[in-house]
Amino acid sequence: MDAATNRITRILEAFQRGELGLDQAVDAVSSETRLDVRVDHDREDRTGVPELVWAEGKSDSQLLEAVGSLWKGSGRALVSRVTPEQATILAAEFPRGRWHEGPRLFVISEQPVRSLPGRIAVACAGTSDSRVAEEAAVTAEFLGLTVDRVYDVGVAGIHRLLGERDRLADAGVVIAVAGMEGAMPSVLAGLVPGLVIAVPTSVGYGLHLDGVTPFLAMLNSCAPGVLVTNVDNGLGAGVAAAKLHRHYSSLGGRDS
């Protein structure tokens, strides 16, 4: 039971006890059930990327209203930062949707999306970073990209990264996801021709500061041209890669 439902229950109990009149109870329930959800259906036409739903902090009714509006409009929706409880509610309402537990994404994709040319790679330093890497990969796939996943190739065992160099060099964009000291994106940017989008994660010890350490390291990369997202923002990296490819293809770029 979410917070809004709890408040409505208390209002009805107060009415039952005679503490609220009928008009007061109706007004109070109306206030609690007012969704104030305004979905931006024109966003994809303006920006190339549809509105994506952030689940955290939304009541169940707000979440279902937002997702339902997108689904009715396009047959597609991507919901981020979904709790297991919210995933159960969404799955009951949208049985064709898919819950990606690791990256906490719920994806409804009943209508085909126009595939973008080329291919990106999503690389992560360690398996602890894979939840953020998967958020980036699933988001990019939802937006029409072909994704090559190259996981557990951190610089602590640099032979693993070097062994995947050809795969990574063939990608137009490499999303590099790393925690700890965040060194992998700098190394990658010195090895591959494609754009490196670095995603710091909140994986690390002590004064790692929940991702601030790799964030600052990535911002200060000695390899020029590395772009950096906020901490744990795999979704932002996936969107950035899709927008880049969409714009590049519109200019007649090559299919790789």
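Readers should treat all values here as calculations from the given coordinates under stated rules, not as data from a laboratory. Not measured: the values here are computed from a predicted model. Glycine gets a Cβ as well: all are built from the backbone with ideal geometry, and neighbour counts include every protein chain shown.
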Spin-label zone in the range 34-67 - amide nitrogen under 19 Å from a point set 7 Å from the Cα of residue 14 along the C-beta vector: 34-35
Unit charges at the beta carbon, dipole of the chain: most positive-side option, 228, 180, 77: 228
Of the GluC sites (Glu not before Pro) in the range 76-175, those whose Cβ has at most 14 other Cβ within 10 Å and which sit in DSSP loop: 101, 110
Two-site FRET efficiency, residue 47 against residue 7, from Cβ-Cβ distance with R₀ of 35 Å, rounded to 0.05: 0.45
Cα-based helix-to-principal-axis angle, 234-250 vs the chain, degrees rounded to 10: 70 degrees
Of 16, 111, 62, the one that fluctuates the most in a GNM where the chain has Cα springs shorter than 10 Å: 16
Length released on extending from residue 149 to residue 74, taking residue separation times 0.36 nm less the Cα-Cα span: 24.2 nm
